[in-house]
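*Asks:* My structure is below; once you've seen it, I'll send some questions.
Readers should treat all values here as calculations from the given coordinates under stated rules, not as data from a laboratory. Predicted, not measured: the structure shown is a model, and the values here were computed from it. All Cβ positions, even for glycine, are placed from backbone atoms using ideal geometry, and neighbour counts span all protein chains on display.
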Amino acid sequence: MMQIGFLGLGVGLGAGAAAALLFASVTSGTLLSIPLFYLAPLPIMIAALGWSHWSALIAAVLASGAIALFFGSTFFYAFLAGAGLPAWWLGYLTMLARPAEHRGNDAMPAALDWYPPGRLVVWAAVLGALIVLSAFPYFGSDAATFRATMHDTLAQMLRINTGDVGATTAGRLRNPSRLIDFLVIAIPPAAAVLATITNVVNLWLAGRVVKFSGRLTRPWPAIAEMTFPRLTAVALAISVVLSFIDGLVGIAAGVVAASLLMAYGVLGFAVLHSITIGIKSRAFLLAGVFAAVIVFGWPVLVLCLLGLIDIAFDLRTRAARRRGPPARL
């Protein structure tokens with residue numbers, strides 16, 4: 001503990017308390033509690049980026065313990081695996097750096113190569129998939145049990161009695177059982193997408209907060225230039241193919257495919273930022289695309305496609321060649 005100092009320890013305790021309060025806010029049942037719930041990893045990431053990953057680890061464990069104290073031991077593992085440890089790991093990776101390659105000038109100070117932003121996005125997707133997959137044992141060890149347990153859970157949550165068409169909710173739905181069957185299929189990949197977005201957004205917010213405070217020691221990365229490891233596309237292709245297999249393997253592969261596809265949606269945003277440089281209406285275009293994704297959701301699929309196309313055809317390099325070198329003043 002003494003290695004991080006009393007300030008780092010205090011930051012970890014404060015961040016853990018803040019994370020626990022944000023997570024517990026969902027019990028209020030208000031509309032505002034939903035975004036606050038998804039911001040629960042933010043204090044842990046701020047502790048990692050602004051102080052040290054040890055402070056973030058203390059925050060993750062403390063928040064999990066506080067949640068277990070008030071809500072039970074099940075929520076200890078739920079928060080630790082679903083928010084605490086992923087937030088700590090992303091914060092740890094963000095601040096990783098190594099000495100840059102020697103450039104032949106001994107007079108120049110040693111530069112650092114920081115962990116690439118593209119790999120951080122891929123890790124956010126991997127962690128998003130792992131968060132969802134870690135909940136699979138709760139629903140069953142085979143596909144039939146998994147679907148049946150999830151079906152019953154959703155029916156209880158939605159208070160739908162599929163055998164009684166006279167129920168209040170069922171009376172408003174022509175076929176409530178079919179709706180639940182659809183949700184059983186859609187929820188696992190949708191949850192992976194949401195977890196990936198939550199990881200990316202919280203990491204970006206933590207970086208902006210720590211940068212504004214002046215404690216961010218790494219330079220702000222060039223988001224528009226980020227790239228993914230080549231194996232990411234291979235992993236996406238394999239997971240898509242495996243998702244067509246019947247059984248729990250197919251369901252798990254669909255979760256991985258959804259999270260990695262969302263990562264390519266983030267890459268699509270980066271590509272769009274790059275290829276629109278020099279366009280007069282660039283700010284309006286980017287704001288419109290962002291608003292369309294927030295409001296409608298489905299335009300993110302176009303961004304996913306844009307990210308995949310960039311992998312194959314290097315759209316950003318082609319756009320830079322067309323623009324030519326920057327004009328000299």
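*Asks:* Grab the beta carbon distance between ASP181 and PHE284, set R0 = 41 Å, and tell me the FRET efficiency rounded to 0.05.
*Replies:* Numbers: r = 42 Å, r/R0 = 1.03.
The pair ASP181/PHE284 has a calculated efficiency of 0.45.
*Asks:* Say we join alpha carbon atoms closer than 10 Å with springs in a Gaussian network model of the chain; which of VAL256, VAL266, VAL26 then has the biggest fluctuation?
*Replies:* Top of the fluctuation ranking is VAL26.
*Asks:* Could you tell me which of GLY297, LEU112, THR276 has its Cα farthest along the dipole of the chain towards the positive end, charges placed at Cβ (Lys, Arg +1; Asp, Glu -1), taken about the Cα centre?
*Replies:* Going by the charge dipole, the pick is THR276.
*Asks:* Would you kindly state how much longer the chain becomes between GLU101 and ASP142 on full extension, computed as 0.36 nm times their sequence separation minus their alpha carbon distance, in nm to one decimal? Can you show the working numbers first?
*Replies:* Working: separation 41, 0.36 × 41 = 14.76 nm, distance 4.97 nm.
Full-extension gain reported as 9.8 nm.
*Asks:* For region 174-232, state which trypsin sites (Lys or Arg not before Pro) are in a DSSP loop and have at most 15 other beta carbons lying within 10 Å of their beta carbon.
*Replies:* Values: sites: ARG174, ARG178, ARG208, LYS211, ARG215, ARG230; in loops: ARG174, ARG215.
In loop regions of region 174-232 (DSSP not H, G, I, E or B), the sparsely surrounded trypsin sites (Lys or Arg not before Pro) are ARG174, ARG215.
*Asks:* Quick check: the angle from helix 248-275's long axis to the longest principal axis of the chain, C-alpha only, nearest 10 degrees?
*Replies:* Compared with the principal axis, the helix lies near 40 degrees.
*Asks:* May I pose another question? So how much slack lies between THR149 and VAL241, counting 0.36 nm per residue of separation and subtracting their Cα-Cα distance, in nm? Don't skip to the answer; put the middle values down first.
*Replies:* Details: separation 92, 0.36 × 92 = 33.12 nm, distance 2.56 nm.
Full extension from THR149 to VAL241 adds 30.6 nm.
*Asks:* Applying 1/(1 + (r/R0)^6) with R0 = 35 Å to the Cβ-Cβ distance of PHE6 and GLU225, what FRET efficiency is obtained, to the nearest 0.05? It would help to have the intermediate numbers written out before the result.
*Replies:* Numbers: r = 39 Å, r/R0 = 1.12.
The calculated FRET efficiency here is 0.35.
*Asks:* How much length, in nm to one decimal, is gained on full extension between ALA190 and ALA111, taken as 0.36 nm per residue of separation minus their Cα-Cα distance? Please list the in-between numbers first.
*Replies:* Numbers: separation 79, 0.36 × 79 = 28.44 nm, distance 4.08 nm.
Stretched out fully, the ALA190 to ALA111 stretch lengthens by 24.4 nm.
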